[in-house]
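Engineer: Have a look at this one.
The values are calculated or read from the model by the stated rules, or taken from the named source; none is laboratory data. These numbers were taken from a predicted model, which means no experiment stands behind them. For neighbour counting, all protein chains shown are included, and Cβ atoms are generated from backbone atoms with ideal geometry for every residue, glycine included.
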Amino acid sequence: MAPSEAVFERRLRRAYEWSRLRRALIEFVPIVILVLAALVFGGRVSTVVVVGPLLFALGVVALWRGRELGRGVLPGALAGGAALLLVLCANRMGHYCTGESCLSWCIPACIAGGLLGGAYVGALGMRQRRGAGYWLSASAITLLVGALGCSCVGYSGMIGLALGYGVLAAGPAVATAFRLRRGR
């Protein structure tokens with residue numbers, strides 16, 4: 001290969017990668033709406049300020065890399081968005097009080113959001129026979145989007161989200177790992 005061909009090939013590759021990165025940035029911009037909703041309606045600004053940019057960077061990188069990583073972004077955003085919506089609604093409902101005890105709706109909403117997210121990501125991953133990249137990106141994005149809302153009750157809300165998610169997503173993820181290991 002002549003030097004001019006090698007230079008031309010590098011330029012083409014660089015232009016191709018920059019194009020993919022720009023497209024990933026544009027495709028993931030709607031997540032900014034979720035981050036802003038969590039910032040306005042959520043409980044802890046400090047968590048949103050940390051989790052929001054991390055979520056955006058992870059989503060853009062997954063979309064830019066594409067393949068299985070990219071295929072997990074939309075399901076993860078939808079599953080996490082459902083958890084976020086549940087928690088933001090619960091945050092506005094206040095407390096349920098009976099006699100001497102009061103219960104915040106936030107922690108049950110975090111657990112329920114995790115269960116819903118795990119069920120959705122797990123069912124979709126099993127039905128579409130997704131690989132490890134899908135499970136990694138979908139799980140990370142689901143948990144980060146859900147954490148935007150679950151931070152209103154502190155770490156206990158985020159732990160509830162993760163446990164709820166893990167209960168229903170772990171089984172299909174492990175089944176997929178065994179299926180891939182056996183080559184089916």
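Engineer: Have a look at L168, L148, L143, L136 and point out the one that is touching a Phe, Trp or Tyr at 6+ places or on another chain (Cβ under 8 Å) and of a type in the set (A, V, I, L, M, F, W, C). Before you say what the answer is, go through the steps one by one.
Structural biologist: On the way: L168 fails: touching a Phe, Trp or Tyr at 6+ places or on another chain (Cβ under 8 Å); L148 fails: touching a Phe, Trp or Tyr at 6+ places or on another chain (Cβ under 8 Å); L136 fails: touching a Phe, Trp or Tyr at 6+ places or on another chain (Cβ under 8 Å).
The unique qualifying residue is L143.
Engineer: Now a separate question. Counting only residues that are β-branched (V, I, T) and at pLDDT 75 or above, which one in segment 154-184 is farthest from the chain's Cα centre (by Cα)?
Structural biologist: That would be V174.
Engineer: Quick check, is L124 within 28 Å of R181 (Cβ to Cβ) and without any contact (Cβ under 8 Å) to a residue 40 or more places away in the chain?
Structural biologist: Numbers: within 28 Å of R181 (Cβ to Cβ): yes; without any contact (Cβ under 8 Å) to a residue 40 or more places away in the chain: no.
For L124, the condition - within 28 Å of R181 (Cβ to Cβ) and without any contact (Cβ under 8 Å) to a residue 40 or more places away in the chain - is not met.
Engineer: Still on this structure, I have one more. Pick from segment 138-175 the residues that are among the β-branched types (V, I, T) and surrounded by 20 or more Cβ atoms within 10 Å (Cβ to Cβ): which of them is nearest to I107 (Cα to Cα)?
Structural biologist: Quick first cut of segment 138-175, residues among the β-branched types (V, I, T) only: 141-142, 145, 153, 159, 167, 174.
Within this subset, residues satisfying the condition of being surrounded by 20 or more Cβ atoms within 10 Å (Cβ to Cβ) are 141-142, 145, 153.
Working: I141: 20, T142: 17, V145: 16, V153: 7 Å.
So, considering only residues that are among the β-branched types (V, I, T) and surrounded by 20 or more Cβ atoms within 10 Å (Cβ to Cβ), the one nearest to I107 (Cα to Cα) is V153.
Engineer: Looking at (1) surrounded by fewer than 19 Cβ atoms within 10 Å (Cβ to Cβ); (2) part of a helix (DSSP H, G or I); (3) at pLDDT below 85; (4) not aromatic (F, W, Y), can you tell me which one L103 breaks?
Structural biologist: The number of the failed condition is (2).
Engineer: For R92, are the conditions met, namely being at pLDDT 80 or above and charged (D, E, K, R)? Lay out the reasoning, then the answer.
Structural biologist: Values: at pLDDT 80 or above: no; charged (D, E, K, R): yes.
Against the criterion (at pLDDT 80 or above and charged (D, E, K, R)), R92 does not qualify.
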